[in-house]
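The values are calculated or read from the model by the stated rules, or taken from the named source; none is laboratory data. Because the structure is predicted, anything quoted here is derived from the model rather than measured. Here the Cβ positions follow ideal geometry from the backbone for every residue, glycine too, while neighbour counts run over all protein chains shown.
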């Protein structure tokens, strides 16, 4: 490998860069470590403000306590199911749409793009959406969550740009060899698009994992909520409850319980990241450069 | 955060549009309760009255909006549901909404015309935006169906309180929870062990508080003796500005009621932020701050920070209520300093003398709204009887709060309630395997509130009952008369009100923290003038005059 010419300026840049990035890492990681430390600490130690980066009064009891709540696990399972199904549907829909849009010879292509882009700026509004979903009979079912958000326009455009960047000659050659349109998409285009597919899966999965609003709107049973709603109620609910000076017999939920729930909710998506990450930069960049 | 705000805005806009769309048919339910109920009596009892156990003549079910509390998340196998079915023949179908976003979902459901029949947990005032839509029932027209409600209003003389709920059309749209007496809960907690050591008495008035804090400061010069909590950017000093302000005759913080205060001598409303009493309250706090007795961070810091200062001995006084004292302050304090003794003092007396100054300036609690569409249900009468029994009858209230005698509680010969041995609630039976709220569904904020003083205090500790005795001996402030605004006026009023509120809250802090001198008070009042405080007060007083003329 050719070594980069190490000018003075470059070395200064590297040092400054390292310092700034270390700062960014500390700022990002610190709250997380703090939450983990809290989740392993004794409640009194947290109240007294003693817990920072290292657990005080180390205990797993809070984990046992949260894990013994069946609602938590029901909601957790819901999140997993919603995320998997929603991501699968979203990937199929987005890939097909984007592939079609990437073909310059398609008639009405501008119109199709226009329809998609229009929804980036305008929406029907909350109540019309709610009425639509309930008249379609989707309320209180998984479809209310996975269908309305199946195509994210941003992801669609990134994917379209990626497909446009693939050499048309490849597809032409495949066509000459007698491959059908679907054959080309499935056997030629998609295997070449692993980077963008991985990125899109990650984008979708993270956003579905984190989303709570759709479930909050369309679900009316406790055992249908995803864990994000559970978590939000635990954190926001308990704090707003006291801040309006509400009924004093309502209790707040202990800080360590909140921390444990946060840790448990974040872990799975955190574990996925390193595996998909190597495709990540490549995928987004490819789309962006050509777009 | 931005996302949520935008969504909230969308809810608001959507609700507004929906209201506009259906306001044309708002008069369909306008008929006064004659006997228009022939078609609505299915399942109702013919001889329902005070003291009767409500039991539907046929199995019924009603939909209800359910505010799901994270501390006791809803369970379908709660004894509450099965026992309710057994006693009343009614099954409730809850539409479960997380407490964190209850109000948003409520607006959405009402706006989309998809609201359940029974909409509880609605605080007085929150029903106002839905009135014009005609989506909620003017319950005041149907009180004849609710004998227990009427009886409690008469017995406890709540009519003036109830009148404050009336809208411009003279009706009210929410069935509030009813308290027999004012319930003062928020006050100051101080370290009694420190007072003892310094030979100080428990402070009775705000001047005493000043003296006591000064003495503590001399002993602990590097501390701020009083570091308060419950401050946020939107309501700085929520609790303190309420109980201190009320004592001076000018409540702010959580005591903020559209910024207006009824002046019984002048027989009109005045704007709190411009009142002389408000100035005096701020001057008092300013003295505390200048003498370094009150932590300047009190109005903005996080609750946790304030608690940490208290626990680590950097402060000795903080705002409290009965529950936070027992749950949040004492256990960590005990651990940090076994000799520490933190007590809840009777609310210090201000210039107004001994009054019931606290978080509740009214005896009304949050209550129940009813969807207009319920009026057309064939079970309407039964539903009203059911609501009347569960929320307003003595038996219903005991059931919702304490549960089933013999299972969750026992009652001794003197009528004193006692939790069953294996059931815990608000720390009364620590270590018991089951919990009254979590495992049985009783004392649930959706169903159990209000009621007689005896019932309210049945779960209080002796120390808290002592506090209540002291407070109840004081006199209550007169209830402000109704002054309902019309829709247009309300819109105009909120345009005046919001900038005024911001300006007052901001300057309140400036005056207290000494960033602005009291020499500038007149200039400050002029600034309020420039922000239309007079027009606002004319609007409110005009509404009061009009209501008085039209409805007596």
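Just wondering, is there one or more residues in the range B:163-173 that are touching a helix residue (DSSP H, G or I) at 6+ places or on another chain (Cβ under 9 Å), assigned by TED's automatic domain parsing to the domain that holds residue B:445 and on the phi > 0 side of the Ramachandran plot? Looking for residues that are touching a helix residue (DSSP H, G or I) at 6+ places or on another chain (Cβ under 9 Å), assigned by TED's automatic domain parsing to the domain that holds residue B:445 and on the phi > 0 side of the Ramachandran plot, one finds at least one in the range B:163-173, hence yes. Summed over the range B:215-240, residues that are in contact with a helix residue (DSSP H, G or I) (Cβ under 9 Å, 6 or more places away or on another chain) and closer than 20 Å to residue B:343 by Cα total 14. Out of all the residues in the range B:389-415, which are farther than 15 Å from residue B:442 by Cα and either part of a loop (DSSP other than H, G, I, E, B) or not assigned by TED's automatic domain parsing to the domain that holds residue B:147 (or both)? Passing the criteria: B:393, B:412, B:413, B:414, B:415. When we screen A:162, A:154, A:208, A:203 for residues that are farther than 25 Å from residue A:262 by Cα, crowded, with 20+ Cβ neighbours inside 10 Å and more than 14 Å from every other protein chain (Cβ to nearest Cβ), the only hit is A:162.
Taking the criterion of being out of contact with any helix residue (DSSP H, G or I) (no Cβ under 6 Å at 6 or more places or on another chain), under 14 Å from residue B:401 (Cβ atoms) and assigned to a loop (DSSP other than H, G, I, E, B), the residues of the range B:421-441 that qualify are B:425, B:426, B:428, B:436, B:437. For residues that are in contact (Cβ under 8 Å) with a residue 40 or more places away in the chain and under 19 Å from residue B:383 (Cα atoms), tally how many sit in the range B:111-139. Matching residues across the range B:111-139 total 13. When restricted to residues that are under 16 Å from the mean Cα position of the chain (by Cα), closer than 21 Å to residue B:327 by Cβ and not in a helix (DSSP H, G or I), the range B:447-482 contains 2.
Candidates B:500, B:485, B:436, B:419: the one that is modelled with pLDDT of 85 or more, within 12 Å of chain A (Cβ to nearest Cβ) and crowded, with 19+ Cβ neighbours inside 10 Å is B:436. Residues of the range A:142-177 being under 22 Å from residue B:115 (Cα atoms) and free of Cβ contacts under 8 Å to residues at least 12 places away in the same chain, which ones? The one that is under 22 Å from residue B:115 (Cα atoms) and free of Cβ contacts under 8 Å to residues at least 12 places away in the same chain: A:143. If you go through the range B:526-549 and keep only what is under 19 Å from residue B:171 (Cβ atoms) and in contact with a strand residue (DSSP E or B) (Cβ under 8 Å, 6 or more places away or on another chain), you end up with just B:544.
Results for (1) facing another protein chain (nearest Cβ under 8 Å); (2) over 26 Å from residue A:261 (Cβ atoms), shown as yes or no for each residue.
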residue	(1), (2)
B:69	yes, no
B:77	no, no
B:92	no, yes
B:98	yes, no
B:101	yes, no
B:107	no, yes
B:119	no, yes
B:129	no, yes
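Within the option set B:33, B:23, being in contact with a helix residue (DSSP H, G or I) (Cβ under 8 Å, 6 or more places away or on another chain) and either farther than 27 Å from residue A:222 by Cβ or at pLDDT below 50 (or both) holds for one residue only, B:33.
Quick one: is residue B:234 under 19 Å from residue B:511 (Cβ atoms), part of a loop (DSSP other than H, G, I, E, B) and either within 12 Å of chain A (Cβ to nearest Cβ) or over 18 Å from the mean Cα position of the chain (by Cα) (or both)? When the stated conditions are applied, residue B:234 passes them. The helices (runs of 4 or more DSSP H) found wholly in the range B:254-362 and carrying at least 2 residues that are within 11 Å of chain A (Cβ to nearest Cβ) and buried (at least 16 other Cβ atoms within 10 Å of the Cβ) occupy B:303-311, B:330-336.
Considering the range A:35-49, and only residues there that are buried (at least 18 other Cβ atoms within 10 Å of the Cβ) and part of a loop (DSSP other than H, G, I, E, B), the residue that is farthest from the other protein chains (Cβ to nearest Cβ) turns out to be A:40. Applying the set (1) within 10 Å of another protein chain (Cβ to nearest Cβ); (2) crowded, with 22+ Cβ neighbours inside 10 Å to residue B:367 leaves exactly one unmet item: (1).
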